[in-house]
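Have a look at the structure below before the remarks.
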Amino acid sequence: MTIPITGHTKLIGLLGDPVAHSISPLMHNEGFRLLGLDYVYLCFRVNEDTLSHVVTGLRDAGIRGFNLTMPCKNQMVQLCDHLSPAARLIGAVNTVVCDDGVLTGHNTDGVGFWRAAALEGFSVPGKRITLMGMGGASTAIAVQAALDQAAALDIFVRPTSRFFPRARRVADELNHATGCRVRVLEHEDQKALADSIGQADLLVNGTSVGMAPNTDATILTDCSLLRPDLMVADVIYNPRETLFLKNARQAGCRTFNGMYMLLYQGAEAFRLWTGQDMPVELIREKYFSQF
């Protein structure tokens, strides 16, 4: 069934640069088609210099909402009328809902990651998590874990990283706002890393280390820290199995990559815009089965 474009069709888009490679139009438009919803999803090449003007024009034109990708996520925080708790704590917006010209910013990346983890049988409440890195994806994962009642979260960041101050700020806010005990530790502190992984239920690589084409790199060089009852995840999905995940699998760990994080963050945005659940099983089979 094809949904015709009419004078009533609601517009949803993706703002960022680059956007031509995005799988988002495929999965959202397929979701609209399967549910018979009168929406269309398009991509718009937008950078930090043009974002505010584009947002003003889209809001005035009556857009229903939009996603944001790099380099627009952080700047969008200042352009929203309201922010969800996750978006405020993360300091980045990847989904905007427009209600009669009022823009509410959300960040669905963390929700997407933890729904993917649930698909693998991992439940956040009461769990201990070790997270490597504090870039955009890692920050969303950390914030949502604390909001979802994780017991403890250790974040390992190099002190020379530009993300180290962000990690400290987010940890302070999460310790104040949630019941999760959040610590920021130095990446080079091998004893702290060993102690953290030794107590963790889940180890996550939230960095780009190991992403193609640098597939011979891994964030964790000491494989003796891995044990069969530890679940291990990587936000990377190209390659499908990073060296980090390969080592974990060989140590007997259950593993998963970042592809379903992309699917489920989109599904949450879909729900925010339409009030309906994306038919994720059908979309997963059609567009994500190779991962």
Mean Cβ neighbour count within 10 Å, used as a protection proxy, ranking 196-209, 140-153 highest first
140-153, 196-209
Sorted by chain and number, the residues with a modelled amide H under 5 Å from that of Arg181, at a separation of 5 or more or across chains, are Ala152, Leu153
Heavy-atom accessible area per residue of region 8-69, all protein chains kept, 1.4 Å probe, expressed in Å², is 47
Quick calc: nm separation of the 7 Å Cα→Cβ label points for Thr9 and Ala212 -> 3.2
What number, in nm² with one decimal, is the all-direction average of the projected area of the convex hull of the alpha-carbon atoms of region 231-291?
4.6
So, with a 1.4 angstrom probe, what is the percent of accessible area on region 223-290 that is carbon and sulfur?
46
D (Stokes-Einstein, µm²/s), Kirkwood Cα radius, region 127-256, 0.692 mPa s at 37 °C:
225
What is the set of long-range amide H partners of Gly13 at a cut-off below 5 Å, with H atoms built 1.01 Å from backbone N?
Leu42, Gly65, Phe66, Asn67
Contour excess over end-to-end distance, with Cα ends at Phe44 and Met70 and 0.36 nm allotted per residue
8.1 nm
Once the piece of chain linking Ser161 and Asp229 is laid out straight, how much longer is it, given 0.36 nm per residue of separation minus the C-alpha distance between them?
21.4 nm
Given Cβ point charges of +1 (Lys, Arg) and -1 (Asp, Glu) and nothing else, what value in debye, to the nearest 20, does the dipole of the chain about its Cα centre take?
180
Once the dipole of the chain is set up from charges on Cβ (+1 Lys and Arg, -1 Asp and Glu), the residue from the list Pro279, Gly206, Leu26 lying farthest towards its positive end is Gly206
What are the semi-axes of the equivalent ellipsoid of the chain, taken as the square roots of 5 times the eigenvalues of the Cα gyration tensor, listed largest first and rounded to whole Å?
33, 21, 17
I'd like the trypsin sites (Lys or Arg not before Pro) in region 1-76 restricted to DSSP loop residues with at most 13 other Cβ atoms within 10 Å, sorted by number.
none
Could you give P(r) for region 76-116, binned at 10 Å from zero, as whole percent values over all Cα-Cα pairs?
34, 49, 16, 1
Give the peptides 259-269, 162-172, 228-238 in descending order of average Cβ contacts within 10 Å, highest first.
259-269, 228-238, 162-172
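The values are calculated or read from the model by the stated rules, or taken from the named source; none is laboratory data. Computed from a predicted model, the values in this text were never measured in an experiment. Using ideal geometry, Cβ is built from the backbone for each residue, glycine included, and neighbour counts are taken over all protein chains shown. When the accessible area is computed, the model is the full protein with side chains, heavy atoms only, and any ligands, DNA or RNA have been set aside. Shrake-Rupley method; radii C 1.70, N 1.55, O 1.52, S 1.80 Å.
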